[in-house]
Amino acid sequence: MKRLLFLAIATIALVAVPSVSHAQLGLKPFSLGIAGGATQPMSTLKDGAEMGYNGTVALGINVPLIPIGLRIDGAYNQFGAKAGIAGKLRVVSATGNVVWRLPSVVISPYLIGGAGLYMSQVSAPGATSSPTSNKFGWNAGAGLNLPLSVFHAFVEARYNHVKTDTGSMEFVPVTFGIMF
C-alpha cells in the first residue's frame, strides 16, 4: 500500500511540474561566465564599509535532464570605508555551489547556495603591509537565467556569511553576468 501511494505521488509530481530541456534554456554541459555588480555590506560590516563592487568568474557544470547543476565561482569584492575611517576592505572568495533551476519556459529562475574559502584584507593608506584572514563561509541566493542566442545572461543576488575572529562578515552582491 505504501509503495502504491509513493508511486502515485511521484507520478503526479512528474506530470504537474512542467519540464524544460537544456536546449530551451541554452544550457551546455560546461560553461564559463563572467559577472559584475554592486555589493551591499550587511550587519556590522555596514557600520564601517560603504557599498562596494563585485567581479566574478564562474564555471558551470550541468547534467542533462536534471534541474540541479554545480557552479564554481571566484569572486572579488571591494568596499570603501565610511567617512572618518581610512582604508578599504577586499574579499576574495572561491566557492562551490549547487544550482537548482526551477521549472519555467523562457526566463528560468534558480536557487543557488554553497560554501568556500573567503580571504579578506583591510588596507590602510600609508601602511606597508596588510594582514589577511582566511576563513570558511557560505552563501545562498536566487537568480534568473535569460537565454540568448550564443550565450545566456543572468542576474542574481546572494547573501554571503563569513565567520570572523570578532563575529561575522555579511554582504550581498547583486550581479549581472553572461555564461558562454
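Summary of computed values
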item	result
Sum of side-chain charges, Gly69 neighbourhood, beta-carbon under 12 Å (Lys, Arg +1; Asp, Glu -1)	+3
Residue-wise HN-Hα coupling along region 166-180, computed from phi with Karplus coefficients 6.51, -1.76, 1.60 (Hz; x: Gly, Pro)	10, x, 8, 10, 10, 7, 10, x, 10, 10, 10, x, 10, 10, 9
Long-range HN-HN contacts of Leu102 with modeled amide H, under 5 Å	Tyr110, Leu111
Charge sum, other residues only, whose C-beta stays under 14 Å from Ala115's C-beta, Lys/Arg counted +1 and Asp/Glu -1	+3
Globularity index of region 22-179, i.e. its alpha-carbon radius of gyration over 2.2 N^0.38 Å	1.11
Charge dipole magnitude, Cβ of K and R +1, D and E -1 - region 21-105, Cα centre, debye nearest 20	60 debye
Residue order, fewest to most surrounding Cβ atoms within 10 angstrom, among Glu170, Glu156	Glu170, Glu156
Rel. contact order, % - alpha carbon contacts under 8 angstrom, at least six apart, region 22-179	23 percent
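Readers should treat all values here as calculations from the given coordinates under stated rules, not as data from a laboratory. The model shown is predicted, which means the values in this text are computed figures rather than measured ones. FYI the Cβ positions are ideal-geometry reconstructions off the backbone, even for glycines, and counts take in every protein chain you see.
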